[in-house]
Structure formats: C-alpha cells, structure tokens
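> This is the structure I have questions about; it appears just below.
The values are calculated or read from the model by the stated rules, or taken from the named source; none is laboratory data. The structure presented is a predicted model; accordingly, all values stated were derived computationally and were not measured. Quick reminder, even Gly has a Cβ in these numbers, built from the backbone with ideal geometry, and neighbours come from all protein chains shown.
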Amino acid sequence: MTDAILSTHGLVAGYEPDLPIVRGIDFSVSSGELVVLLGPNGAGKSTFVKAIAGLVPIHAGTMALNGRDITHVTPHRKVAEGLAFVPQTENVFATMTTLENLQIAVAHLPKAKRAVAIEALFTRFPDLAARPSRLAGALSGGQRQMLAVARALALDPPVIILDEPSAGLSPKIVSEVFEMLKAINASGVTVLLVEQNVKAALAIASRAVILAEGRIAHEGLPEELASDPLVGKIYLGTAHHHQGALA
Amino acid sequence: MNPQFIMDGLITGAIIGLGAVGVTLTYSILRFSNFAHGELLSWGAYLALAVAGALGYLSAGLTKPIAPFSFGWALPISAVIAIGLTGLLALAVDALLFSSFRRRGSAIIIMVMASFGASLALRSLLEFLFSSRPAYFTKALQIAMKLGGGLRATPDQLLMLGVALVAVIAVHLLMTRTDIGRAMRAVSENPALASIAGIDVRRVIRTVWFLGAALACVAGIMSGLLIQIRPYLGHDLLLPLFAAAILGGIGSVPGAMLAGLIIGLCEALAVQAVGAEWRAAVSFVILIAVLLVRPRGLFGKAS
C-alpha cells in the first residue's frame with residue numbers, strides 16, 4: 001500500500017452545526033486504491049463524500065489531499081487541486097448540451113488543449129461522441145451517468161469520488177458503469193465509491209469501509225467483509241444467501 | 001390609428017428590454033427579485049450626466065453635437081465610464097448588503113426586503129446629490145425624420161434602437177459562446193454542481209452584478225437621452241422590467257428583449273386606444289396574464 005492520497009482526521013460535518021451527520025471520521029485512501037463506502041441508509045455516506053467535496057459544512061476535523069490541507073478549500077479549488085466528485089443526482093447540466101457540459105469541465109485548461117481533452121473524452125465515451133448536441137437532460141440514465149463521469153475526468157484528476165453511480169439504472173447499465181469504474185481505476189485514478197449495490201461494489205473494490213451512524217463501523221478487504229455473516233447482517237442488510245454469490 | 005405608436009413602442013420597449021435582460025440574469029443566478037435594479041438605471045443615467053458635465057467643463061468641444069445627433073462626444077465617452085461606475089456601484093451594494101445574507105443562507109424574502117431598502121437608499125441619495133428636478137443630456141431639439149409607412153423617428157432614437165440591438169446580441173453571444181457565459185448558465189441551473197465542476201461561483205455572481213448593472217446603465221442613458229433624467233426614472237420602469245423578464249422567461253436574454261418590445265408596443269397601443277392614463281396598467285395586466293397562463297414565459301424552461 002502506498003501513501004495516503006486522500007485522508008480525513010476527526011471529520012465532523014452536517015448541514016446544522018448542532019446536528020452533525022458525520023461524527024468524527026478518521027479515514028484514508030491510498031494512491032491507486034478503489035475503496036467502496038458501504039452502510040445502511042442514513043449512515044452518513046453521502047454526507048461524508050459531499051463534505052470532502054466541499055458541499056456540506058465541516059464543523060471539526062481536517063482533510064488532506066496529497067498531504068495538503070484542503071479542509072476549508074472551496075469546491076472549485078478542490079477540483080483544480082485534483083479532486084473530482086460525481087453526485088448521485090443532478091450530476092449534469094440538463095439544460096446544456098453534452099458538448100457544453102464538457103466545455104465547462106475543460107475550461108480550466110489552456111485554450112489550445114481543450115479540444116484535445118474533449119476529443120480524448122469522446123474517444124473514451126463513444127456514446128457521448130455520437131450525441132454532442134443533445135441536451136444532457138434528454139440523454140438516457142446511463143448516458144447521463146457517463147457524461148457526469150466524463151465531466152469529472154476531464155482534468156485528469158488523481159482522485160475521483162462517486163456517490164452511488166448505479167442508482168436508478170437498469171441492471172445492464174449498472175454492469176457497464178462498474179466496468180467503467182474498474183477501467184478508470186486501472187488507468188491509475190484513485191476511486192472512492194459510495195454504493196448501495198453491495199455485491200457489485202465489493203466485486204471491484206480493493207478495500208471496503210462500512211459506515212454506521214456517522215462513524216466507521218468496520219473496514220477490511222472485500223472478501224473478508226463478504227464472508228462475515230455478522231457484518232452483512234448488521235450493516236449491509238445482506239442475508240445469508242448473498243454469501244454464496246459473493247464468494 | 002396612427003402607426004407612429006409602433007416606433008414609440010419600439011423605443012420604450014428597447015429601454016424596458018435592456019433593463020429586463022439585467023433583471024432576468026440577476027434573478028436566474030442570484031435567485032431573488034432585486035427591486036433595487038431600477039435604481040441602477042437611474043444611477044447609470046446620473047453618473048453619465050455627471051461625467052459628461054465634467055468632460056464638457058474640461059473641453060467645451062466635447063459637447064458640440066455630432067451631426068445628425070443631438071449630443072457631442074462627451075456623452076459616448078461618459079457612457080463608457082458610467083457603465084464601469086454603475087457596475088462598481090452594483091458590486092459595492094452586493095458586497096455591503098447581499099453577500100452577507102448569502103453567506104448566512106438567508107431566506108429569499110430577506111434578500112427581497114433588503115433590495116427594497118437598497119432601492120430606497122439609492123434613490124434618496126440620488127435626490128440628495130442631484131435634486132429631484134428633471135435633467136437633460138442635451139437641450140438641442142431634433143426634427144423627426146420620415147421613415148415611411150407613417151413612421152417618424154429622430155436620429156437619436158434610431159441610434160438608441162441600434163445600440164439596444166447590438167447590446168442584446170452581444171450578451172446573447174456572451175452567454176452561449178464564452179466560458180463565462182456557460183459558467184453563468186451553469187450556476188443558474190445548479191450552483192452546487194457548478195462549484196464541483198470547477199466554476200468559481202462567487203466570480204460568476206460578481207460578473208452577473210456587473211453585467212446587469214452595465215445594461216441598466218445603458219437603458220438609463222437611453223431613457224435619459226430620449227425622455228429626461230429623474231431620480232424616479234428607474235423606479236417607474238420597475239414593473240415593466242419585471243413583467244418583461246417574466247414574459248420572456250427567466251434566464252432568457254433574447255426572451256427578455258423580445259418581451260420588452262412587446263410590452264413597449266402594448267403600452268404605446270394602449271395610449272392610443274384607451275388613453276395615456278392606462279399606460280402603467282398594461283405591464284400589470286401582462287404580468288398577471290403570464291403568471292396565470294404561462295408562468296415560465298415565452299422562452300423559459302419548464303421546471
């Protein structure tokens with residue numbers, strides 16, 4: 001395992017200062033890992049990653065990216081520093097075209113490099129290349145998810161965080177999304193993934209962390225968690241019949 | 001019916017349209033009705049008047065009319081300076097008032113009430129500085145030219161129509177073809193997503209204030225040149241401005257301009273058809289009708 005590329009220390013976050021949802025999380029992701037965050041509904045998974053991205057107020061603790069403190073850095077500066085975030089919903093600009101969504105994403109690059117960057121994204125996501133003038137709101141669920149991921153990858157970030165990218169997608173598209181995440185991770189990008197789809201997430205993860213009530217309840221290798229019936233029952237809502245499938 | 005109402009309506013409509021573009025931009029991005037927007041028209045006109053006066057004092061040659069218009073070089077030069085100053089005024093009001101409410105996450109109604117307060121303060125300050133007597137950029141009289149079809153217009157009026165058209169096309173191109181325009185549309189649609197897409201939302205908000213104020217200044221100067229300059233110049237246009245922004249569809253630049261022209265034409269038609277005392281009611285009727293029949297306006301996007 002290499003050095004931590006993203007870490008939090010005693011992170012407390014939530015929309016109201018006196019009602020924290022994230023209650024002191026010490027957490028780190030090493031370069032090249034694909035870490036999946038699991039846990040029951042209301043465990044604070046989404047709030048935790050939104051706090052890392054800068055969308056939820058932080059009331060205590062610190063976070064660092066590549067060793068640099070980014071606790072109170074604004075969201076757009078975090079993007080420039082190499083932290084990309086794909087929210088679960090409303091993750092594309094629906095009233096703008098596919099191309100305009102990507103043009104926004106590459107606006108930080110020098111003008112001469114933008115066309116090349118967009119071309120590279122279109123090569124990586126041919127479904128989007130076929131629909132540059134389509135309004136993002138008119139794309140299918142899977143295409144919208146690809147556009148959201150393409151937008152996040154536009155600046156070649158070392159770290160990408162995705163909040164339930166499989167939510168609301170058909171099983172066929174879900175498997176495509178997980179294949180895409182595997183490929184992104186294989187290309188050297190560190191991935192932090194929040195998922196409800198436990199089986200599929202554990203199948204591609206290099207490490208899994210379970211949150212409960214705003215704190216880390218358990219962490220370990222995917223195969224360890226998958227084979228631990230107590231963990232599955234208490235935290236993941238998985239019944240015994242899942243174990244065979246996960247093994 | 002005298003067809004001249006068409007020209008009168010287009011001129012009034014161009015002033016309303018330019019002001020409405022500023023209203024629609026600030027509303028769609030800042031998400032509150034800024035009732036102080038009308039004062040930016042008045043301040044724009046008075047700032048141009050003050051700068052033109054100073055330029056005329058420094059060089060009398062600058063006030064000599066540029067044929068065929070009624071004004072000298074002092075006015076276009078002062079207009080450029082006034083646009084910058086009005087933009088800075090809007091940024092100052094935002095920094096002193098609205099930004100602190102934004103930081104606290106205040107409710108929209110608090111922002112609206114604050115804009116009422118800002119409106120009162122800005123208008124009173126204008127009256128204090130310049131008095132409430134009407135003022136003029138020029139006292140030169142112009143003869144209206146025959147345009148055919150029973151229409152007449154002065155060279156100043158035709159120039160101002162051209163300026164309004166160029167300004168709206170420029171803003172439309174800015175919104176659709178540039179980074180800052182795309183960023184403004186992105187913030188308008190989803191500020192949180194815009195921030196994690198790498199957009200500096202605070203910079204966009206500053207740009208919107210400046211741009212809206214710049215357009216208000218141009219509209220104020222147009223109104224001052226073609227009618228007169230009064231501290232209530234912008235305040236009296238507030239209802240037509242909001243009616244045009246809503247009729248055009250919040251966030252739509254061409255929509256606001258087109259709606260401004262529609263309202264201007266309806267007002268001019270009402271003056272001929274039912275009398276000048278009904279002019280102000282036209283905007284009100286249009287506003288209510290749009291809200292009842294098509295709340296998203298002509299070019300607004302369905303929510």
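> Restricting the first residue to the stretch A:210-231 and requiring it to be in a helix (DSSP H, G or I), which pairs with a second residue that is at pLDDT 90 or above and small (Gly, Ala, Ser) meet a Cβ separation below 8 Å and a spacing of at least six or different chains?
A:Pro222/A:Ala203; A:Pro222/A:Ala205; A:Pro222/A:Ser206; A:Pro222/A:Ala208; A:Leu225/A:Ala208
Yes/no matrix, rows are residues, columns are (1) more than 12 Å from the chain's Cα centre (by Cα); (2) more than 10 Å from chain A (Cβ to nearest Cβ):
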{"residue": "B:Ile196", "(1), (2)": "yes, no"}
{"residue": "B:Ile199", "(1), (2)": "yes, no"}
{"residue": "B:Arg202", "(1), (2)": "yes, no"}
{"residue": "B:Val208", "(1), (2)": "yes, yes"}
{"residue": "B:Leu215", "(1), (2)": "no, yes"}
{"residue": "B:Arg230", "(1), (2)": "yes, yes"}
{"residue": "B:Gly234", "(1), (2)": "no, yes"}
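> Give B:Ile29, B:Ile81 a once-over and let me know the one that is at pLDDT below 95, of a type in the set (Val, Ile, Thr) and not in a loop (DSSP other than H, G, I, E, B).
Being at pLDDT below 95, of a type in the set (Val, Ile, Thr) and not in a loop (DSSP other than H, G, I, E, B) holds for just one of B:Ile29, B:Ile81, which is B:Ile29.
> State all residues of the stretch A:28-62 that are β-branched (Val, Ile, Thr) and crowded, with 17+ Cβ neighbours inside 10 Å; if no residue qualifies, say none.
Correct list: A:Val29, A:Val35, A:Val36, A:Thr47, A:Val49, A:Ile52, A:Val56, A:Ile58.
> Exactly one condition in (1) surrounded by 17 or more Cβ atoms within 10 Å (Cβ to Cβ); (2) outside any loop (DSSP other than H, G, I, E, B); (3) within 13 Å of chain B (Cβ to nearest Cβ) is false for A:Arg77; which is it?
Failed condition: (1).
> Quick one: how many residues across the stretch A:10-21 are over 17 Å from A:Ala64 (Cα atoms) and assigned to a strand (DSSP E or B)?
So the count comes out to 2.
> Would you call B:Ser188 within 17 Å of B:Leu18 (Cα to Cα) and either surrounded by fewer than 24 Cβ atoms within 10 Å (Cβ to Cβ) or among the small types (Gly, Ala, Ser) (or both)?
In short, no.
> Then there is this: Spot the failing condition for A:His59; the list is (1) at negative phi; (2) free of Cβ contacts under 8 Å to residues at least 40 places away in the same chain, and only one is missed.
(2)
> Could you list, in sequence order, the residues of the stretch B:64-78 that are at pLDDT 95 or above and touching a Gly at 6+ places or on another chain (Cβ under 7 Å)?
B:Ala74
> Can you pull out the residues in the stretch B:265-282 that are free of Cβ contacts under 8 Å to residues at least 60 places away in the same chain and part of a helix (DSSP H, G or I)?
B:Ala270, B:Val274, B:Ala276, B:Glu277, B:Trp278, B:Arg279, B:Ala280, B:Ala281, B:Val282, listed by residue number.
> Name every residue in the stretch B:43-61 that is surrounded by 19 or more Cβ atoms within 10 Å (Cβ to Cβ), out of contact with any strand residue (DSSP E or B) (no Cβ under 9 Å at 6 or more places or on another chain) and over 10 Å from B:Ala79 (Cβ atoms), in order of residue number.
Result: B:Trp43, B:Leu55.
> Still on this structure, please answer the following. Kindly provide the set of residues from the stretch A:40-74 that are assigned to a loop (DSSP other than H, G, I, E, B), of a type in the set (Gly, Ala, Ser) and within 14 Å of chain B (Cβ to nearest Cβ), ordered by number.
A:Gly54
> Related question: Within the stretch B:225-248, can one find any residue that is touching a helix residue (DSSP H, G or I) at 6+ places or on another chain (Cβ under 6 Å) and without any contact (Cβ under 8 Å) to a residue 40 or more places away in the chain?
no
> Go through (1) closer than 18 Å to B:Gly44 by Cβ; (2) surrounded by fewer than 14 Cβ atoms within 10 Å (Cβ to Cβ) and name the single condition B:Leu75 misses.
The one condition B:Leu75 does not meet is (2).
> Give B:Phe98, B:Phe116 a once-over and let me know the one that is surrounded by fewer than 17 Cβ atoms within 10 Å (Cβ to Cβ), aromatic (Phe, Trp, Tyr) and more than 30 Å from B:Leu58 (Cα to Cα).
B:Phe116
> Next question. From the set of residues in the stretch B:135-183 that are β-branched (Val, Ile, Thr) and assigned to a loop (DSSP other than H, G, I, E, B), which is nearest to the other protein chains (Cβ to nearest Cβ)?
Within the stretch B:135-183, the match that is nearest to the other protein chains (Cβ to nearest Cβ) is B:Thr178.
> With (1) away from chain A (no Cβ under 14 Å); (2) buried (at least 24 other Cβ atoms within 10 Å of the Cβ); (3) assigned to a loop (DSSP other than H, G, I, E, B) as the list, and B:Leu241 as the residue in question, which single condition is left unmet?
Of everything listed in (1) away from chain A (no Cβ under 14 Å); (2) buried (at least 24 other Cβ atoms within 10 Å of the Cβ); (3) assigned to a loop (DSSP other than H, G, I, E, B), B:Leu241 misses just condition (3).
> Please go through the stretch B:111-134 and give me each residue that is of a type in the set (Lys, Arg) and assigned to a helix (DSSP H, G or I), ordered by number.
Answer for the stretch B:111-134, where residues must be of a type in the set (Lys, Arg) and assigned to a helix (DSSP H, G or I): just B:Arg123.
> Here's something else I'd like to know. Of the numbered conditions (1) within 18 Å of B:Met160 (Cα to Cα); (2) part of a helix (DSSP H, G or I); (3) out of contact with any Leu (no Cβ under 8 Å at 6 or more places or on another chain), B:Phe5 fails exactly one; give the number of that condition.
Only one criterion in (1) within 18 Å of B:Met160 (Cα to Cα); (2) part of a helix (DSSP H, G or I); (3) out of contact with any Leu (no Cβ under 8 Å at 6 or more places or on another chain) is unmet by B:Phe5, namely (3).
> Looking only at the stretch B:194-203, which residues are surrounded by fewer than 23 Cβ atoms within 10 Å (Cβ to Cβ) and assigned to a helix (DSSP H, G or I)?
Matches in the stretch B:194-203: B:Val201, B:Arg202, B:Arg203.
> Looking at the structure I just gave you, is B:Pro68 outside any helix (DSSP H, G or I) and within 21 Å of B:Leu141 (Cα to Cα)?
So B:Pro68 passes the test.
> So, one more: Quick one: how many residues across the stretch A:80-91 are more than 13 Å from the chain's Cα centre (by Cα) and at the interface with another protein chain (Cβ under 8 Å from one of its Cβ atoms)?
The number of residues fulfilling the criteria is 2.
> For the stretch A:94-180, give me every one of the helices (runs of 4 or more DSSP H) that falls completely inside it and has 2 or more residues that are crowded, with 18+ Cβ neighbours inside 10 Å, within 14 Å of another protein chain (Cβ to nearest Cβ) and within 19 Å of the chain's Cα centre (by Cα).
A:98-105, A:141-153
> Could we say that B:Val163 is within 20 Å of B:Met7 (Cα to Cα) and at pLDDT 95 or above here?
yes
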